[in-house]
Structure formats: structure tokens, C-alpha cells
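Report on the structure given below.
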Amino acid sequence: MGAVAERVERALAPAVTDQGLDLESVEVQPAGRRRLVRVLVDRDGGINLDDVAMLSHHLSEVLDESDAMGDQPYVLEVSSPGVDRPLTLSRHWRRSRGRLVNVELTGGDKVSGRIAQTTDDAAILTTSDGEFSVRFADVASARIEVEFTHSHQDEPADDEPTDGVTAESHDTDN
């Protein structure tokens, strides 16, 4: 992470955690005369569009009041990670219980199954061959498999959390 992204993360982290959210990542990239500040947040139970919109406004105020961005204008984008993010922390696995996951282990073996249970250091997958325990320390990569065979009953209502929610981008000319 670059120095600017580290300053931005330090400035935003308390505001994110005060809202009961986890700060998943902060990226700062050049975007013409401005910088694009991309912030990913999540929490148990997910996050909905209204939450992201309110947080985006709040984080914009925090950045405007801090010196993290210097005098350079920026565009702020706040969103949730979405279903395609890699599962790298135990909380990612916990939040994905019930979903299908494709796992590549550090030894090169691959396993696919539905996340049945999680602990701080492992998950139990239900596979076609039965239960399979995966220690997070043994995982080289893991991603959720997107399923298109669910019924409309499983669709979230407008006010329910969804994957990959992106709110308004806030553009500032500091």
C-alpha cells in the first residue's frame, strides 16, 4: 500500500469502525487530475445501499477535514466487496456460510463445497464426498462460486443487504 493510501486508511478506519463496519481495503489511484479513492467495507449480515450512501457522505467529510489527500482533488467510491472477492480472512468465510466455494490448497489440491461451519482458523465444507475440513493457513486461494439456480424467494428486498453494493461517488476539488 502506498503512503497516501496508508494515510487515508488511518484517517477513515475509526469512522468506519464507529459505524459497526469492517474496513476491508483502501486503494488510491491516479484518475486524470484527480485521485480515485476506493474504499471497501463490510459487516456481518452485509450492507445495503442506504448504509453505503450514508457512509460515503460521512467518509467524504472525514477526508475533507483531514490532510490525508493533501490538496489534490479526489473522487471517493465506497462499496462492499461483492461475492467475487477472495476469502482471505476468517470473517470472510463466516459471512459466506451456506455458499459454494472453490478452494486451492497450498499443496496444490483443489476442493469445492458448501461452507457448513467456520471457526477462527478453519471451515468445514460439505462436498460430494462428505465433510472436508479446511484450515485457513493451508489455503492458497478461495473464491465463492456464483450460483444462478436460486429461486426469487432468495432475492433480498430493497432494504436488505446485497453483495457488491456501490454507493454514490463523491467528487471533490478540495
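The values are calculated or read from the model by the stated rules, or taken from the named source; none is laboratory data. As the structure is a prediction and not an experimental result, all values here were calculated from the model. Please note: Cβ atoms are built from the backbone with ideal geometry, for glycine as well, and neighbour counts cover all protein chains shown. Ligands, DNA and RNA are stripped out before the accessible areas are found, and what is left, the full protein with its side chains, is counted by its heavy atoms. Shrake-Rupley method; radii C 1.70, N 1.55, O 1.52, S 1.80 Å.
Of the DSSP beta bridges with both residues in region 28-107, give the percent that are antiparallel, rounding to the nearest 5. Roughly 40 percent of the DSSP beta bridges within region 28-107 come out antiparallel. Extension gain for ASP84 to ARG43 (0.36 nm times residue separation, less C-alpha to C-alpha distance): 13.2 nm. Report summary: the helix-based calculation at 222 nm, which adds -39500 (n - 2.57) for every DSSP H run with n ≥ 4 and divides by the residues of the chain, gives -7000 deg cm²/dmol.
Here the accessible area of the chain is 45 percent carbon and sulfur, with a 1.4 angstrom probe and all protein chains present. On a per residue basis, region 1-97 carries 49 Å² of accessible surface, using protein heavy atoms and a 1.4 Å probe. When percent of Cα pairs over 27 Å apart is computed from the coordinates, the matching label among (i) 37; (ii) 44; (iii) 31 is (i). A simple spin-label model places pseudo-atoms 7 Å from Cα toward Cβ; at ASP71 and SER128 they are separated by 6.3 nm.
The trypsin sites (Lys or Arg not before Pro) of region 1-76 meeting both criteria, a DSSP state outside H, G, I, E and B (loop) and at most 14 other C-beta atoms within 10 angstrom of the site's C-beta, are ARG33. The value of relative contact order for the chain, using C-alpha pairs under 8 Å at least six residues apart, is 26 percent.
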